[in-house]
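Here the structure comes first, spelled out in structure tokens, and everything after it is commentary.
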Amino acid sequence: MMEALPRLFKNLIKTCLSICLGIFLLLYPFSQEVQAAKPSMSGDFVQDTVSVAQSLKETVALQDDDENQADAKDEALALITAYISRYRNRPQVNGSTSFTTMQTALNAMAGHYKTFANRPLPEKLKERLNKELTRAEKIVVKEI
């Protein structure tokens, strides 16, 4: 009988710890603060296209050894995702020349960043992106 008592306490402690850990894991996500992301697109296609193009051209212009390169890359990917998500399924703009030009540039930039995460943009890609982003800016102003 005396030998069973320590084993009983040991099992009781293990059970209590397991229950407490389970409750903690279930309730922990509810204790975190939720931060809503502010919408980065205004809904005005012309304004959004111009602002996204200018922002991405600034990112492309950064030097390869710039300390803000990683943050700029993350912001660029978030901006690309927000822009494409906003306008891809809108028939009034997704067939326009400006959108397809912009989408080509965005796909090239995002594809490089996601495939070659630790490599800077090659010079040829930088030239192409600048050319396409500038073209998309000019076309969108003329279209609408």
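Before moving on, here are some points about what is shown:
- Flag for LEU125 being in contact (Cβ under 8 Å) with a residue 60 or more places away in the chain and among the aliphatic types (A, V, I, L, M): no
Residues checked against (1) closer than 12 Å to LEU56 by Cα; (2) surrounded by fewer than 20 Cβ atoms within 10 Å (Cβ to Cβ); (3) touching a helix residue (DSSP H, G or I) at 6+ places or on another chain (Cβ under 8 Å):
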| position | (1), (2), (3) |
| --- | --- |
| PHE99 | no, no, yes |
| THR104 | no, yes, yes |
| ALA110 | yes, yes, yes |
| TYR113 | no, yes, yes |
| PHE116 | no, yes, no |
| LYS124 | no, yes, no |
| GLU127 | no, yes, no |
| THR134 | yes, yes, yes |
| LYS138 | no, yes, no |
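- The residue list GLU33, GLU58, GLU67 contains one member that is over 30 Å from ASN89 (Cβ atoms), modelled with pLDDT of 80 or more and either touching a His at 6+ places or on another chain (Cβ under 8 Å) or charged (D, E, K, R) (or both), which is GLU67.
- Filter pass, ASP74 being exposed (fewer than 12 other Cβ atoms within 10 Å of the Cβ) and under 16 Å from the mean Cα position of the chain (by Cα): yes
- A Cβ distance below 7 Å, combined with a sequence gap of six or more or placement on separate chains, defines the contacts here; from the range 84-99, residues that are small (Gly, Ala, Ser) reach residues that are modelled with pLDDT of 90 or more in the pairs SER98/THR49; SER98/ALA136; SER98/ILE139; SER98/VAL140.
The values are calculated or read from the model by the stated rules, or taken from the named source; none is laboratory data. A quick note: this is a predicted structure, and the numbers were derived from the prediction, not measured. No Cβ is skipped: glycine too gets one built from the backbone with ideal geometry, and neighbour counts run over all protein chains shown.
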